[in-house]
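The values are calculated or read from the model by the stated rules, or taken from the named source; none is laboratory data. Predicted model only: the values in this text are computed from it and were never measured. With ideal geometry, Cβ positions are generated from the backbone for all residues, glycine too; neighbour counts draw on all protein chains shown. Heavy atoms of the whole protein, side chains included, go into the accessibility calculation; ligands, DNA and RNA do not. Shrake-Rupley method; radii C 1.70, N 1.55, O 1.52, S 1.80 Å.
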Amino acid sequence: MSHVAVEIADQPSCWRRALQERPAGLPEAGERVAVVGCGTSLYMAQAYAVLRESAGLGETDAFAASDFPAARRYDRVLAITRSGTTTEVLEALRKAAGTATTALTGDLDTPVRTAARNVVDLSFADERSVVQTRFATTALLLLRASLGTVPTDLAEQAEHALASQLPDELLSARQFTFLGTGWTTGLAHEAALKLREASGSWTESYPAMEYRHGPISVSAPGGVVWFFGEPPAGLADQVRATGAYVVTSPGDPLADLIRAQRLAVSLAERRGLDPDAPRNLTRSIVLTGS
């Protein structure tokens with residue numbers, strides 16, 4: 001079994017542990033916060049930023065770490081970095097000197113330990129696979145818990161997502177479009193990334209209402225359109241009219257992301273690919289000369 005398959009299956013355990021954590025240094029009510037990350041961590045940052053601002057706890061912006069606007073004033077910069085070594089994240093923290101900084105990481109024995117003023121230890125959710133799964137979802141769960149937006153049965157929903165059967169329509173599809181609304185747009189981007197990384201699939205992702213403004217043109221029989229959260233009124237019917245297979249889930253969208261992770265691994269294995277070692281990728285992106 002691949003490392004990533006084991007790590008996907010371990011998410012309910014990681015989530016339960018995260019719900020017991022009360023780390024210092026997380027954003028406080030009223031703070032103006034920038035959240036930075038790269039790749040999967042960026043998409044978790046986007047989801048958290050929408051959740052926090054929607055909860056009325058303060059202005060919250062998410063940036064790719066390479067695009068962090070250092071000249072803009074924030075009360076806190078929050079970085080999400082599994083490896084603790086990503087060049088762009090460390091540079092963003094350096095640029096934020098003089099501002100309160102907090103990093104969520106899976107490895108304390110890395111430069112991020114001294115780059116951020118506060119460091120949250122998520123080493124219990126660290127991973128061996130290049131492909132991120134349990135670290136990212138555990139980081140987002142921890143941040144959601146600080147907002148009070150976690151359903152009491154979320155770990156049980158995760159277990160159901162692990163046990164549910166993946167429909168044949170997903171395993172035989174030629175193209176995937178993932179759609180989200182509000183905070184779940186970040187999850188849609190992450191689901192698309194998982195399938196691209198692990199299986200080399202043709203995937204796209206958008207805010208749900210943007211789907212009608214061009215992306216619907218690629219939907220057809222043999223394609224999949226997957227909604228994270230409740231589809232906007234009437235949109236699922238318009239998708240079905242294209243002949244694409246529609247996926248929805250009544251549960252929490254973060255638990256539904258587990259099904260997309262499982263699909264990525266299943267497609268990779270069917271295609272003879274190693275889901276732990278995506279083409280052209282490494283666990284951490286460290287830029288030469290930085």
Measuring from centroid to centroid over Cα atoms, what is the spacing of region 224-276 and region 13-70 in Å? 25 Å
Cleavage-rule hits (trypsin sites (Lys or Arg not before Pro)) in region 152-244: DSSP loop, at most 15 neighbouring Cβ within 10 angstrom: ARG174, ARG212
For a quick check, take a GNM of the chain with Cα springs below 10 Å and name the residue from SER172, SER217, SER146 with the largest mean-square fluctuation. SER217
Over the chain, relative contact order from alpha-carbon pairs under 8 Å, at least 6 apart, %: 20 percent
Between HIS160 and GLN20, how many nm apart are label points set 7 Å from Cα along the C-beta direction? 2.5 nm
To the nearest Å, what is the center-to-center distance of region 119-149 and region 79-94, using C-alpha atoms only? 15 Å
Out of THR133, THR248, THR181, any idea which swings most in a Gaussian network model of the chain, alpha carbons joined below 10 Å? THR248
Eigenvalues of the Cα gyration tensor times 5, then square-rooted: what semi-axes does that give for region 57-163, in whole angstrom, largest first? 26, 18, 11
Might you tell me the accessible area per residue for the chain, computed with a 1.4 Å probe and given in Å²? 42 Å²
Residue of ALA45, ALA191, ALA96 that the Gaussian network model of the chain assigns the largest fluctuation, springs spanning Cα pairs under 10 Å: ALA96
Suppose every K and R has +1 on its Cβ and every D and E has -1 on its Cβ; what is the size of the dipole of region 1-95 about the Cα centre, in Debye to the nearest 20? 160 debye
Test item: Cα-centred dipole of the chain, Lys/Arg +1 and Asp/Glu -1 on Cβ, debye: 460 debye
Given the Cα-Cα distance of GLN238 and ALA29 and 0.36 nm per residue of separation, how much length would full extension add, in nm? 71.2 nm
Run the accessible area of the chain with a 1.4 Å probe and give the carbon-and-sulfur part as a rounded percent. 48 percent
Leaving ligands, DNA and RNA out of it, work out the accessible area of GLU210 with a 1.4 Å probe and give it in Å² to the nearest 10. 90 Å²
Please list TRP226, TRP202 from largest to smallest accessible area, probe radius 1.4 Å, with all protein chains kept in place. TRP202, TRP226
Non-local amide H neighbours of THR177 (under 5 Å, H modeled in plane, Pro and chain starts lacking H): which ones? GLU204, VAL224, VAL225, TRP226
Run through region 1-87 and list the trypsin sites (Lys or Arg not before Pro) located in a DSSP loop whose Cβ has at most 16 other Cβ atoms within 10 Å. ARG32, ARG72, ARG73
Within region 1-70, DSSP-loop GluC sites (Glu not before Pro) with at most 16 other C-beta atoms within 10 Å are GLU21, GLU28, GLU59
